[in-house]
Each structure stands twice: as C-alpha cells, then as structure tokens.
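Have a look at the structure below before the remarks.
Read the figures in this text as sums done on the coordinates, not as results from a lab. Model, not experiment: these values are computed from the prediction. As a convention, Cβ positions derive from the backbone with ideal geometry for all residues, glycine included, and neighbour counts pool all protein chains shown.
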Protein chains: 2
Amino acid sequence: MDLLKRKILDDGKVIDGNILKVDSFLNHQIDVKLLLEIGKEFRKRFNDIKITKILTVEASGISVATITAMNFNVPVIFAKKGSSKNQDDETYESEAFSFTKNKSYIMKVSKKYLNETDNVLIIDDFLANGEACLSLINIAGQAGAEISGIGIVIEKAFQDGRKKIEDLGYHVESLARIKSMKDNQIEFI
Amino acid sequence: MDLLKRKILDDGKVIDGNILKVDSFLNHQIDVKLLLEIGKEFRKRFNDIKITKILTVEASGISVATITAMNFNVPVIFAKKGSSKNQDDETYESEAFSFTKNKSYIMKVSKKYLNETDNVLIIDDFLANGEACLSLINIAGQAGAEISGIGIVIEKAFQDGRKKIEDLGYHVESLARIKSMKDNQIEFI
C-alpha cells in the first residue's frame, strides 16, 4: 500500500534500529484520511472471504479494526487488557508478552460475543514477534470460531511473527512489510 | 438520539443501580452501524464550530472519537495511559481516578500533537463523575489549546460530571442522558 509506505518514510521514526514510531499518524495521533484508505485496502485484500466479526486488542488496534469492520459491515470486538468492574466474568483469556512495555498481560474477550458460528478477521496495527496476534488466535480458538485471516498494518518482517502464524496455517496480509531498519533506515520488502 | 436510546434500553444492562453495561454495542463489541450514526450526530451538534483536533483517552473512547474525527475530517489524538518504550518523553500529563477500575492513572499526550493553535473537541463514551473528561480538559489547557466543546455518548446525569464541566464554562453535548437507573430501570431525561 503505497500511501502507507510513503507516510512511514515521511513521518515514521526509527529508534535504535528496532523501534518504529508512527505515533504521528497511526497509534497516538491518527490521520483519518489514511485510516479510511487502510480500511478499504483490508476490504479489498479479504474480499470473497466470509467474515462475521473483526477481532483486535486494545488500545492501538481499535481505530484500524473499527474502520475495517465498517468496510465489512460486521461488528468489531476488542480484547480488553486487565480487569474492571463492568467486565463479564465469563471470558476467553490469553496471556501475551509486550516487548514494547516489557511485561506480560492478560487479554480477555467476553464469551457472549464470539462463538463457533463466527468467522473472524484478526486486525492489528503491528506484527513483530507475533505475541499479540497469537493470543488473539488463541482466543478465537477457545471460542471455536473460524479464523478467516489476519490483517496487519505494519509488519516488521525481520522478526518471526509471520512465520509463527503461517506455521499454524493462517493467512497474513500486511499493508507495509519492513525488511530492515538497519542504521535507522527503513527498507520495505 | 433515539437510535442510541433504543439500543441502551434493548441491550444495555444495569448492575446494582449504578453500573451500565453497554459492552454488546459500544465498548467491547461495537455496532458499526450505530457508531456511524453517532459520528454524524456529533458532526450535527458541533456544526459551525471551529475544530482542528478530536481528543479522547484510550481505550473505549477511541472508536467513537475516530468516527467523529472522520466526520470533521481532522486528526484524532488519544491520550495514553501508563508508559511504554515508544512513547515520547515530552508529554502533557494529567491524573484521573477511575471508579470502574477503582484506581488512579496518568494520561499522557505528546506535546508534538497539541498546541495553542488547536481547537479541540473532546469526545468520550461515558460521562459520570467527570474524572476522565476533566483530565482531558487539563491536558488541552496545558497545550494552550481552545476547547470547542465536549461530546459524550452516554451521560449518567444523576452524577455531577456535567456540573463540574459546565462550571468551568465548557459546552457539553450528550447523545443519551440518563436521569435514573433506580431499581435497575433506565430513565432518560
């Protein structure tokens, strides 16, 4: 997706050859024009596939997953982190490790909103080591739902997240695949 | 907003006369058709007002704020809770107490994305005691930004959040105002 790659080159910032900051347009401040195009692109890439629900995890996946859900005209569910008083007791739960935050967390989805009749498209803003995505796959599995595909905005293709997911037999579409960030220079596949 | 009120009556659940669960359509699973109408309604209610940025706080405000930002064709910023490695050091910060989670948290916005040239529309899913909203007002104030208005999806009008905000001189629009949840029955204003 050229518009996205252009934006990453123009406004993204690489730190220490490993961290890519896109908080000017994707996960802190959000460029809504770009977001609209991202939603359309996911619709195009997963056309002709049965999808009943979009699944993501809070917080930075929410805006991308919501615009994608609009394009498929299906509900979006975001897995919650931690626990709160107005959360259901009956939840699917899975643990993931965040390298960005350097800690593990539990993500939860209420059993009411995902079951074996669902065809799930998993959406997230980043794919690196695959931790978050594998947890969402785990949760969809607990629900007995079919996983129709996995849509990622930015993939750090030099990490092994895609391999782990493909080894499980799932189809991944990433809108921008970064081959290298060596010397803080971004190179796409 | 009749569609929203209908949805709250049909699918909302009151617990202990105080907690309103709307996680089947607003803050865990999201009904995208309803969300589209919410975005249009905020556009209508804040028409003819200068708005350059939409401001909300993660996580449940993000989808509502994003669709509203699309209707105004301006960027949306979501304040982050806690800290992570790919967060800016230069942030506006404000503390808020969450009655739902029964703890205080710090919300942060990078100084890069909000300044004195901005006209901010604050958007959130709930207004009850006003804690989150007052923190967002505080952050916009630190930036020297103008606050153009405050848009709320569901207001618990039997709590004092609106009063606190109006006492500061700001204009609040809520799409559904709940007068009472006594005996777990929802009554609108």
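Given a Förster distance of 41 angstrom, what is the FRET efficiency for B:L9 paired with B:K81, based on the Cβ-Cβ distance and rounded to 0.05? Working shown, then result.
On the way: r = 31 Å, r/R0 = 0.76.
Efficiency, rounded to the nearest 0.05: 0.85.
Using Cα pairs closer than 8 Å and at least 6 residues apart in sequence, work out the relative contact order for chain B, in percent.
Numbers: 374 pairs, mean separation 38.2, N = 189.
Rounded, it is 20 percent for chain B.
Can you tell me how much longer the chain between A:D48 and A:K112 gets when fully stretched, taken as 0.36 nm per residue apart minus their C-alpha distance, in nm with one decimal?
Taking A:D48 through A:K112 to full extension adds about 20.4 nm, to one decimal.
Give the span of segment A:136-189's Cα atoms along each principal axis, as three whole-Å numbers ordered largest to smallest.
44, 17, 15
For a distance above 28 Å, tell me the whole-number percent of Cα pairs in the protein assembly as shown that qualify. Each step should come with its number before you reach the end.
Details: 30106 of 71253 pairs.
Looking at the protein assembly as shown, the distances longer than 28 Å represent 42 percent of pairs.
Let me know the charge dipole size of the protein assembly as shown about its Cα centre in debye, to the nearest 20, where only the beta-carbon of Lys, Arg (+1) and Asp, Glu (-1) is charged.
Details: 54 positive and 56 negative charges, 43 e Å.
Magnitude of the dipole: close to 200 debye.
Just from its helices, what would the mean residue ellipticity at 222 nm be for chain B, if runs of 4 or more DSSP H residues each count -39500 (n - 2.57) and the sum is divided by every residue, rounded to the nearest 500 deg cm²/dmol?
Details: 5 runs with 55 residues, N = 189.
Using -39500 (n - 2.57) per qualifying helix, the result is -9000 deg cm²/dmol.
Taking amide H atoms as placed 1.01 Å from N in the peptide plane, list the residues 5 or more away in sequence, or in a different chain, whose amide H sits under 5 Å from that of A:D118.
Sorted by chain and number, the residues that satisfy this are A:E146.
Please compute, for peptide A:109-116, the average count of beta-carbon atoms on other protein chains lying within 10 Å of each residue's beta-carbon. Display every interim value, and only then the final one.
Numbers: counts 2, 5, 0, 4, 4, 1, 0, 0.
Mean number of neighbouring Cβ atoms from other chains: 2.
For the charge dipole of segment A:2-188, defined by +1 on Lys and Arg C-beta atoms and -1 on Asp and Glu C-beta atoms about the Cα centroid, which residue among A:V32, A:V57, A:A143 has the Cα displaced farthest towards the positive pole?
A:V32
Over chain B, with a Gaussian network built from C-alpha contacts below 10 Å, which listed residue (B:D31, B:D48, B:D11) shows the highest mean-square fluctuation?
Sorting by GNM fluctuation, first place goes to B:D48.
Measure out, as a whole number of angstrom, how far apart the alpha-carbon centroids of segment B:137-152 and segment A:97-154 sit.
Cα centroid of segment B:137-152 versus Cα centroid of segment A:97-154: 34 Å apart.
How far apart, in nm, are two points set 7 Å out from the Cα along the Cα-to-Cβ line at A:S98 and at B:N18?
2.8
Taking the Cα centre of segment A:44-160 as the origin, how large is its charge dipole in debye, to the nearest 20, when only Lys and Arg (+1) and Asp and Glu (-1) carry charge on their Cβ atoms?
Details: 13 positive and 15 negative charges, 60 e Å.
With Lys and Arg at +1 and Asp and Glu at -1, about 280 debye.
Anyone know which of A:D16, A:D160, A:D125 comes out most mobile in the 10 Å Cα GNM of chain A?
Checking each option, the largest mean-square fluctuation is seen for A:D16.
Could you give the length gained by full extension between B:N119 and B:D89, i.e. 0.36 nm per residue of separation minus their alpha carbon distance, to one decimal place?
Value of the extension gain: 8.4 nm.
If you build the Cα gyration tensor of segment B:2-188 and take the root of 5 times each eigenvalue, what three semi-axes come out, in whole angstrom, biggest first?
Details: eigenvalues 134, 68, 49 Å².
Here the semi-axes work out to 26, 18, 16 Å.
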